[in-house]
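The structure under discussion appears below in the form of structure tokens.
Every number here is computed from the coordinates shown, using simple stated rules; none is lab data. Predicted model, so just to flag it, every value in this text is computed and none were measured. So basically every Cβ, Gly included, is an ideal-geometry build from the backbone, and we count neighbours across all protein chains shown.
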Amino acid sequence: MNALVAALLLAALPFPAPRVTAVTDRTKYDPGVVVSVDAAKGEFKVRCVAGLVTFKANTDVQVFDATGKPIGTFTVLQPGQKVGVWYLVDNGARVQEVAVQ
């Protein structure tokens, strides 16, 4: 039963499926361009359709390159890079996974 629910959820996603993050009904996705990265604060900012979004990220958040290869944590992101960010809204936008496009 759980497999069926998961399959239906993935089939109906309104965004690209993440590589390793388990998708829930709370999972959000926004594509955009990296504006800044602040490793000391554990955050990075992305200009999305909705405007400038500050994402909170732990050092265990995985970043994948355009081929799907893991390239490190959010600290490898550079201003100007196009990215897709999967996150949960939990006292701010908490990052689950990032893909460089």
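Starting from the amide H of residue 93, placed 1.01 Å from N in the peptide plane, find each other amide H under 5 Å away whose residue is 5 or more places distant or on another chain.
56
Whose amide H sits under 5 Å from the amide H of residue 36, counting only residues 5 or more places off or on another chain, with H placed in the peptide plane?
45
Once phi is turned into θ = phi - 60°, what whole-Hz ³J(HN,Hα) does the Karplus curve with 6.51, -1.76 and 1.60 give for every residue of the stretch 42-57, x standing for Gly and Pro?
x, 8, 9, 10, 10, 8, 10, 4, 7, x, 7, 10, 9, 9, 8, 9
For helix 2-11, what angle does its Cα long axis make with the longest principal axis of the chain, in degrees from 0 to 90 and rounded to 10?
Here the helix axis deviates by roughly 60 degrees.
Suppose a student asked you for the relative contact order of the stretch 2-100, using Cα pairs under 8 Å spaced at least 6 residues apart; what percent would you report?
Values: 186 pairs, mean separation 27.7, N = 99.
Relative contact order of the stretch 2-100: 28 percent.
Can you tell me the dipole magnitude for the stretch 29-101 around its Cα centre, using point charges on the Cβ only (Lys, Arg +1; Asp, Glu -1), in Debye to the nearest 20? All intermediate terms of the calculation are to be shown ahead of the outcome.
Details: 7 positive and 7 negative charges, 32 e Å.
Once rounded to the nearest 20, the dipole reads 160 debye.
What FRET efficiency would be calculated for the residue pair residue 23, residue 66, taking the C-beta separation as r and a Förster radius of 35 Å, to the nearest 0.05? Please report the intermediate quantities before stating the final value.
On the way: r = 21 Å, r/R0 = 0.59.
Result of the calculation: an efficiency of 0.95.
Quick one: which of 12-21, 83-92, 31-40 comes out on top by average Cβ neighbours within 10 Å, and what's the full order, highest first?
By packing density, highest mean first, the sequence is 83-92, 31-40, 12-21.
Which residues' amide hydrogens lie under 5 Å from the amide hydrogen of residue 62, considering only partners 5 or more residues apart or on another chain, with H built in the peptide plane?
Excluding prolines and chain starts, which carry no amide H, the hits are 98.
Take the Cα pairs of the chain, get the Kirkwood Rh, then feed it into Stokes-Einstein at 20 °C and 1.002 mPa s and tell me D in µm²/s. Don't jump to the answer; show the numbers that get you there.
On the way: Rh = 13.8 Å.
For these conditions, the coefficient is 155 µm²/s.
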